[in-house]
Structure formats: C-alpha cells, structure tokens
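I have a structure here, written as structure tokens, and I will follow up with some questions on it.
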Amino acid sequence: MLAPENILHAIRSTRTAVITTHMNPDGDAIGSALGLWHLLRGLGTTATVMLPNAAPSNLVWMDGADEMVVFGESTKHVLSEADTIFVLDLSAVSRLGDLGAAIVASTATVVNIDHHTYPENFAGVVWIDTDACSTSVMIAQVAAELEIYSPAMAMCLYTGIMTDTGSFRFPRTTSDVHRTVATLIDKGADPVRSYDEVMNRGSVGRTRLLGIALSTMGLHANGTLCTMVVRNSDMLANNCTREDVEGFVSQTLALEGVTMGILFVELEGETKISFRSKGNTHVRDLAALYGGGGHVYAAGARLKGRVFEEVVVEVTQKAVEIMTND
C-alpha cells in the first residue's frame, strides 16, 4: 500500500489546514487526526484538529489532544482560514453534522482519507482503501513515505491502529500491519501505555453498567445472533454517558456460536445501534437498511424519533431473517 501522489502533494502544499473526523470519534478517528496533525506540524504547516463534538475522555491523553477544538460559532473562523480541509475516517459528510455543511460550503481544498465502503463524492482529493485496517495505518504510510516521525505521532497512530483492529484480532490485521506497528514502536509508541489509557480507565459506574447490559443478552437465530440493550435510565443511574458504552458491543461476539452481535443504546430522542460480526456474516448492509454504514464486520446506525422498544424488536427480527436465510 502506497499513498497516492495527489495525497502526498496535497499534504506537502498545504499551508493552513483543518483536520476533522466523524461525530462521536473513536480511537482511529482521534489517532489518525492527531497523527496527521503532528505530521503537518513537522512540515511547518499550521494545523488545527476540529471535531463535530467532544472526544471521549479515554482518548484525550494523546499529545496534542488539548489543542483540539469543537466546531461552533467561536471556531468558525479557523475553518474559513484553512486552504486545505482533511476529512478522515468517514465516507459520508453527514457524519460531520453541522460541520459537514460548513465544509461543503468552503472554498478550501477538501481531502478525504478513509477505509470505509461506499464513499460519498464530497472531496476534491480522495484516498479510499477499503482493505486498510484503519485510517491511522494509512496516515502511517504517508509518514513512512515522507520520512517524518515523532514519538508523539507514533503514539497517536499506534493507538488508532490498536483500537480499530480490536487489539490486533480483527480481520485485515495483516503482517504488513504488524510491520507498520513495529516501526511505530521503534519511533516511540508505547503499547503498554496506549492500551492502559484507552482500555483501563473505566469508572465503577461504567463497570456496573456493563454488568446490567450483560444481563440483557438474548440469543436468537439458533444461537448465532446475540443482542444486548443499554437503557438511558441505567446510564443516568450510574453517572454514565454514551461514551461509556463504547466497546460493549464486542461482548456479544464472546459467546460460542455467535457470528452477529447487536447493541441497542437508548439515548435522548434516538436509538444508537452497533453491529458486529465475524466469519462469513456481514453487517454493513444491515446497518444501511437503517441509514447507517461502516465495515462489513463493524457498522452502526442511529434512528431518531422512534420508540426504543419497537426499534429493538424490528431490527432484531430483520437480523434473524438475515441469519436464517444465509
């Protein structure tokens, strides 16, 4: 995998950049954004990471996170002053919320770097690699070709790769990925700290919430489908937010025989659905039925204005149909 020349040219020629990623950013989103931020700064470029909403608390320990800004009235001028806007780790501009509309209206060069399927045509310069395990590994390739590294950048990119590969256990964790990771470790990434900061900073409330969620597990389709539910009232009772449920869905695939897992999270006015699968079972198209998207093995969707219980029943039934007919 080599970075296209137009991507390298865009990075080299940028003087003032805004880097952004999707709402409710995960480890790959923040890791790739901060990784590119460090890379651009190494080239002498003025750069700002601008998010549609705040990053989760377990990701703001990375170097540069304290300089990230959230899009709003007080930060709009930063976007208007950029000559290049780098949009990372998303294939649909709608996943940027109000920031997406501002980017579409901008006269800056828009660069999209991503590894998701079915990309929308919203950028002037595009690099989509659906075989890549993460967007962070794509930015790491750029760093290798430009021969620009720093320990801080290596740490950010390592964290993005680690989280999006499920700690190196998901499909597309190839030997090339491990070689890239080895280089990042040589350049200063600390695997022990990265895992500890991301995975071992949960509160007592989050652990209790996970216990409640595990108690809701249900098996369907002859034990091949597992569902799990998180109610808004349980989050409030345990002083948790939507950020605290990140990673819960992986528990659905921990049961023998299960090849698809679905987590339903009740939020104010909407239902957040996370889909996971393995083997020959894919979930991207199922998520797309409900306006979502993602990867073949990891996808998500959000349904607004629907009764939570009805969504759980409907989506579960559709998943059962798919599993039964396969």
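Kindly check whether there is at least one residue in segment 224-241 that is over 21 Å from the mean Cα position of the chain (by Cα), at pLDDT 95 or above, acidic (Asp, Glu) and surrounded by 15 or more Cβ atoms within 10 Å (Cβ to Cβ).
yes
Name every residue in segment 271-280 that is crowded, with 22+ Cβ neighbours inside 10 Å and under 22 Å from residue 243 (Cβ atoms), in order of residue number.
To start, the set of residues in segment 271-280 that are crowded, with 22+ Cβ neighbours inside 10 Å comprises 271, 273-277.
Correct list: 271, 273, 274, 275, 276.
So which of 242, 201, 276, 206 is within 23 Å of residue 30 (Cα to Cα), touching a residue at least 24 places away in the same chain (Cβ under 8 Å) and touching a Cys at 6+ places or on another chain (Cβ under 6 Å)?
Working: 242 fails: touching a Cys at 6+ places or on another chain (Cβ under 6 Å); 201 fails: touching a Cys at 6+ places or on another chain (Cβ under 6 Å); 276 fails: touching a Cys at 6+ places or on another chain (Cβ under 6 Å).
Matching residue, one of 242, 201, 276, 206: 206.
A further question follows. Need the failing condition index for residue 283 against (1) surrounded by fewer than 18 Cβ atoms within 10 Å (Cβ to Cβ); (2) without any contact (Cβ under 8 Å) to a residue 60 or more places away in the chain; (3) not basic (Lys, Arg), just the number.
(1)
While we're here: Name the residue that is farthest from the chain's Cα centre (by Cα), counting only residues in segment 194-217 that are under 30 Å from residue 152 (Cα atoms) and not in a helix (DSSP H, G or I).
203
Residues in segment 51-58: is at least one modelled with pLDDT under 95, out of contact with any Lys or Arg (no Cβ under 7 Å at 6 or more places or on another chain) and among the hydrophobic types (A, V, I, L, M, F, W, C)?
yes
Another question, then. Can you go through 290, 297 and tell me which one is of a type outside the set (A, V, I, L, M, F, W, C), farther than 24 Å from residue 232 by Cβ and surrounded by 13 or more Cβ atoms within 10 Å (Cβ to Cβ)? Outline the logic, then answer.
On the way: 290 fails: farther than 24 Å from residue 232 by Cβ.
Going through 290, 297 in turn, the sole match is 297.
Let me confirm something: among 68, 62, which residue is under 24 Å from residue 132 (Cα atoms) and not basic (Lys, Arg)? Step through it out loud before you land on a result.
Details: 68 fails: under 24 Å from residue 132 (Cα atoms).
Residue meeting the stated conditions: 62.
Which count do you get for residues in segment 80-137 that are at positive phi and surrounded by fewer than 17 Cβ atoms within 10 Å (Cβ to Cβ)?
Number of matching residues: 2.
Return the only residue of 227, 252, 173 being in the same structural domain as residue 271 (by TED's automatic domain parsing) and not in a helix (DSSP H, G or I).
Working: 252 fails: not in a helix (DSSP H, G or I); 173 fails: in the same structural domain as residue 271 (by TED's automatic domain parsing).
From the options 227, 252, 173, the qualifying one is 227.
Okay, next question. Can you confirm whether segment 256-268 contains a residue that is modelled with pLDDT under 95 and not aliphatic (A, V, I, L, M)?
yes
If I ask for residues that are without any contact (Cβ under 8 Å) to a residue 60 or more places away in the chain and of a type in the set (A, V, I, L, M), which ones from segment 289-308 would you list?
Correct list: 289, 299, 301, 303, 307.
While we're on this one: Looking only at segment 72-109, count how many residues are in contact (Cβ under 8 Å) with a residue 40 or more places away in the chain and more than 18 Å from the chain's Cα centre (by Cα). Even if it seems obvious, please write down each step before you answer.
So the first thing to find is which residues in segment 72-109 are in contact (Cβ under 8 Å) with a residue 40 or more places away in the chain, and the list is 78-79, 81-92, 95-100, 103, 108-109.
Retained after the next criterion (residues that are more than 18 Å from the chain's Cα centre (by Cα)): 78-79, 81-85, 98, 103, 108-109.
Within segment 72-109, residues that are in contact (Cβ under 8 Å) with a residue 40 or more places away in the chain and more than 18 Å from the chain's Cα centre (by Cα) number 11.
The values are calculated or read from the model by the stated rules, or taken from the named source; none is laboratory data. The structure presented is a predicted model; accordingly, all values stated were derived computationally and were not measured. Counting neighbours? That spans all protein chains shown, and the Cβs are built from the backbone with ideal geometry, glycine included.
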